[in-house]
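A short reminder: the numbers here are calculations on the coordinates, not readings from a lab. Keep in mind that this is a model prediction, so the values were computed, not measured. Here Cβ is always computed from backbone atoms with ideal geometry, including for glycine, and neighbour counts include all displayed protein chains.
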Amino acid sequence: MPTTTVLPATVRVRGVERKVLSAGQVVTADASAAVSIVCGDDPATADRYEARNDALRSIARRRDLARNDVALLMAYVGSTNDVLRTERAAALKNDVLNLLRNQKPIPDGLAELLIGMFRAGDHPPSVLDYCLQHVGAMQGDVADAVLRDRIRAALVEAARRARFPYAGTALYSLSEDKRGVAAHDAELKRLTLALCAPSANAAARIAAIQLAGQRGWREVVPILRKTLAGARHDAVVDMAAIGSIGLLGREEDLPLLESMRVKGGLRLRPAVDAAVRRIKERGGGK
């Protein structure tokens, strides 16, 4: 039986050619080919999330992509015609944005691209949520004061859209602005209290309730009391409200918390216990 000669290892992993350096280490032979697959430009893999995600992973550690590859990735992020399902396209674009933000230097125009996508209104909320996360994370690294103000304005606008889950994402991005402007703090407080209202999207409301507790804004307590005493309940919203009452509440809130121990069942009991303990440790708290 003839023997088979094994040539130096070159493997193809779901459409992206890689060369083996040593055990467990691989490097993409052609980053531009991987970028083409990621962007859906390869007809053979355009509708295959796994292939496109694998191509992206093959270049995920690169910090020095060619300018044309960066431009193609930015164009893909801003596109609206991906054949992938919405949630998969959103996840892929999130990872592409991680790659772009890790470039040295960060590509010119990336923040403007994300702001433009938000303002255009033709992307699904899940994509916009990622856009706001990334542009919010960039605000501290932007040297241009005008661009920082544009980022903040977009985040404020997003936080005012109370029926969308990304309002909470924008709110937390605003809370991480390190400029320390008193007017910004006052605006953040107003936006937070508005998102704590029952009419807000549940995910955004949870973010706002938690932020109000962390910041010590007692003005939210009446809203939280009404939430827990009401007839309609969302277990995750209730858990957030219990946690913030534990941070902000007083002895008069203990009966309400004890009632949630009964109404909420086993799921809420740890949160109730923690909230009661915090209030008692403060001696009723101010």
- Measure nothing but the geometry: give the 0 to 90° angle between the long axis through the Cα atoms of 235-248 and the longest principal axis through the Cα atoms of the chain, rounded to 10°. 60
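Counting only C-alpha contacts under 8 Å and six or more residues apart, can you give the relative contact order of segment 219-286 as a whole percent? Could you put the intermediate results ahead of the total?
Numbers: 67 pairs, mean separation 24.8, N = 68.
For segment 219-286, the relative contact order is 36 percent.
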- Neighbour-count ranking for ASP108, ASP273 (other C-beta within 10 angstrom, fewest to most) reads ASP108, ASP273
- Task: Select one label from (i) 53; (ii) 47; (iii) 29: the one whose number is percent of Cα pairs over 30 Å apart as derived from the coordinates shown.
- Result: (ii)
- Query: Just ALA90, ALA274, ALA197 to compare: in a GNM of the chain, with alpha carbon springs under 10 Å, which one fluctuates most?
  - Reply: ALA274
- To the nearest 10 degrees, the tilt of helix 182-195 (Cα long axis) against the first principal axis of the alpha carbons of the chain is 80
- Against the longest alpha carbon principal axis of the chain, how many degrees, from 0 to 90 and to the nearest 10, is the axis of helix 110-120 turned? 60
- Message: Under the rule of at least 5 residues apart or a separate chain, name every residue whose amide H is placed under 5 Å from the amide H of ASN201.
- Response: ARG163, PHE164
- Note on the structure: Here segment 97-104 yields Karplus 3J(HN,Hα) values (6.51, -1.76, 1.60; θ = phi - 60°; whole Hz; Gly and Pro given as x) of 5, 4, 5, 5, 5, 8, 5, 10
- Using the Karplus equation 6.51 cos²θ - 1.76 cosθ + 1.60 (θ = phi - 60°), what ³J(HN,Hα) coupling, rounded to whole Hz, does each residue of segment 262-279 give in order, writing x for Gly and Pro? 7, 5, x, x, 4, 5, 9, 4, x, 5, 5, 4, 5, 5, 4, 4, 4, 5
- Message: At a 10 Å Cβ-Cβ cut-off, how would you order ILE279, ILE106, fewest neighbours first?
- Response: ILE106, ILE279
